[in-house]
Each structure stands twice: as structure tokens, then as C-alpha cells.
Ligand code: PLP
């Protein structure tokens, strides 16, 4: 592998489109021909307002966000939302349904449980988190104020390939690791939230998409900067927003549009993950634990038949420019994150390396 063909398989922050990085570099000192860096622009000034509005509009178009939903660009990452969601949606002592499908839903449950009474409607624990429980096995609480899912389990390599039906109960989803990887029926959700550091851009920025009627429920003690209604009404100007991160996110939305939008991305992501999973399944050397129908197109998690070889595998991969393939510390093994910016050539390079490594060590 030549030194310029380096592929970053990190789970987050993840690989960015090279084209976007070049544009950021080019505009670093003079954004939008303003004579200033975007980093220096006052957030309430015309130049930055135009950048923010354009980013919101491009995201609305990409996802087909209906008119009665607000898009918020907040700070704090997805973990902050684990607490802020219940604070914004339900009074103290109220109940909420949560699906336990792996590492990140467990985090959401642990933090959310400090603010609401949680009913775990179904758990994948008994199956070692190798499958998403079918909705026929869910036990929803009739008094729950919302139902929370983690659409893609970044550490376990699982994803929903179907949309749950929760009737009148708002469906809330942590989409941190699959946001913008495929088209989405936004109208089926009450709230969608995602940290930007996987498919979008710099860490710290959190995107919230929320239906208007859910904006009036925040507890009075909710901090204003994290109160979804207060932020929506001030267009994110309660305090200084993440101006440079919002600018970069906007460039990524534009890049996605140039790629053909989310259907084109979904098709490319499907091809990439299918090729890698096929190579794993056909190898007799690598094994992928999640069952085939629930595997994540974003984070392929797998093990070597001989776990003792994992260190050597990671080291050799890294020496060939295949970077950051180590599994999540909680699960170990190998994880290849195939976010939007990972080109098909990167996946092909990984597969070629895996096959050569298996031949050498079988
Ligand atoms: N939810 C999911 C599904 C994630 O993958 C992550 C991070 O990897 C988080 C939440 C936490 O995000 P943050 O680090 O932005 O708080």
C-alpha cells in the first residue's frame, strides 16, 4: 500500500471525505470570501447565519425532514442527550420504554434511568447481543411516554433493518453511528439525535431532529442551552454555537448531495458491508457473531478464530495503512467502521489484507 493510500477504519471520530478536508484547508483563512476564517465569524452575523441556514436546509432536503420538525445543532455529543432527552420530554417519575440491544443502549438506559422510570421492553443480553429482538417479543409499557432505540450499535455491530411501530408513543432514536448512511422515514420518529463524529464531521456537535409538538414538555429545571424549545425558538443562538463544526457539517451535507444523496450512499454502504461480511463468512479464519439479518452496515465487528493473533493482525494492518481496526474495548476483536467517507477501494484493500493474513497464519 502506498503511503498516500491510508484508510481510517476508526469508529469515531471517523474518516472524513477527502474533498471536504481539502475545502476546509482552502477556506481556512478566508471563508466565503469574507476576508475572515469561518472560525472568526460572529455567530449572529450575516455571514455565519447564512452558513447555518444553508446547512439546515441541505440537511432537511437530504433526509426529507417534514415541515413540522425542527433541526437543532447543539453541543455535548450524544451522551449528553441520554440525560437531556428525558429532561426535555417527560416529567420526573414518568415512564419510558428502552430497547437494550448492546453497549450504547445500555449507556442510554443507565443515564436515562436517573431521570425517568425505565421499562426495558426487550433485551438482546440473553443472546449475547447477537441479534435485535423482534418487535413481537417487545413488552411495551402502556404508560410509557416514549420508546427509545439505538438504531446502530457501534460497539456490537448490530443495526435495525426495519422500523419499529410504537403507535402514538413517540419513537426516539440514537442514530449517532448510522445517521445519513441511508434514507429515513423521519415522520415515523418523535426525536432523532446523533453525535456528528461518525458520518458527518467534528466531534462535539449533536444534531437533534424533533417534532414540533414535543417541544413543550421540558422540565422547568432544564438548562436553557439544552432546552430543545428554547434553542429552537432562538435558532440555536442561546449561546455561542459550534460555528466551525456546523460549517464543516454543512460542507459534508453538500458532499452527500453531490454523491447522489442518501439512496446512493445506502447502495454504496450496502455494497461495502456485503463484500466484507461475505469475505468474513467465507474465510473459515474470521468469525462475525451478530446474526446475518441484524448486522450493521456501518461497523463490521468480527473476531479471528484464534484470538491470540488479533494483536498481530492489527499491527500488520496498520503497517499497511489500514488504521484503527481494533474492536471496542468492551467487546475486543476487530471492528471495521465503514462510514460514508470510506471508499469501496478501502474495503477492497482490507479484504485483500485479511485474505493474505489468513493464508499466512491458517
Ligand atoms: N451513541 C452511539 C450509538 C455511539 O456510537 C456513541 C459514540 O461512539 C455515542 C452514543 C456517544 O457519543 P458522544 O461521544 O458524542 O457522546
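Observations on the structure shown:
- Any hit, segment 349-358, residues being touching a helix residue (DSSP H, G or I) at 6+ places or on another chain (Cβ under 9 Å), in contact (Cβ under 8 Å) with a residue 60 or more places away in the chain and closer than 29 Å to residue 133 by Cα: no
- A Cβ distance below 6 Å, combined with a sequence gap of six or more or placement on separate chains, defines the contacts here; from segment 105-118, residues that are under 17 Å from residue 144 (Cβ atoms) reach residues that are in a loop (DSSP other than H, G, I, E, B) and away from the ligand (no atom under 16 Å from the Cβ) in the pairs 116/90; 116/94.
- Flag for residue 66 being touching a helix residue (DSSP H, G or I) at 6+ places or on another chain (Cβ under 6 Å), more than 16 Å from the ligand (Cβ to nearest atom) and in a loop (DSSP other than H, G, I, E, B): yes
- Of all residues in segment 113-129, none satisfies the criterion of being buried (at least 22 other Cβ atoms within 10 Å of the Cβ) and in a helix (DSSP H, G or I).
- Tally, over segment 130-163, of residues that are buried (at least 22 other Cβ atoms within 10 Å of the Cβ) and either free of Cβ contacts under 8 Å to residues at least 60 places away in the same chain or more than 16 Å from the ligand (Cβ to nearest atom) (or both): 6
- Qualifying residue in segment 77-85 (condition: buried (at least 16 other Cβ atoms within 10 Å of the Cβ) and outside any helix (DSSP H, G or I)): no
- Scope segment 164-201; condition within 11 Å of the ligand (Cβ to nearest atom), part of a strand (DSSP E or B) and in contact (Cβ under 8 Å) with a residue 60 or more places away in the chain; matching residues: 174, 193, 194, 195
- Filter result for the condition that a residue is within 16 Å of the ligand (Cβ to nearest atom), within 21 Å of residue 239 (Cβ to Cβ) and under 23 Å from the mean Cα position of the chain (by Cα), over 80, 10: 80
- Reported count of residues in segment 187-224, each being surrounded by fewer than 16 Cβ atoms within 10 Å (Cβ to Cβ) and either farther than 16 Å from residue 79 by Cβ or in the same structural domain as residue 339 (by TED's automatic domain parsing) (or both), is 9.
- Per-region count, segment 89-103, residues surrounded by fewer than 22 Cβ atoms within 10 Å (Cβ to Cβ) and in a helix (DSSP H, G or I): 1
- When segment 202-214 is filtered for residues that are more than 16 Å from the ligand (Cβ to nearest atom) and over 19 Å from residue 92 (Cβ atoms), the ones remaining, listed by number, are 210, 211, 212, 213.
- Pairs where the first residue, in segment 70-98, is within 24 Å of residue 140 (Cα to Cα) and the second is within 16 Å of the ligand (Cβ to nearest atom) and modelled with pLDDT under 95, C-beta under 8 Å, 6+ apart: 84/76
The values are calculated or read from the model by the stated rules, or taken from the named source; none is laboratory data. What you see is a predicted model; the values in this text were computed from it and never measured. Reconstructed Cβ throughout: ideal geometry from the backbone, glycine too, with neighbour counts over all protein chains shown.
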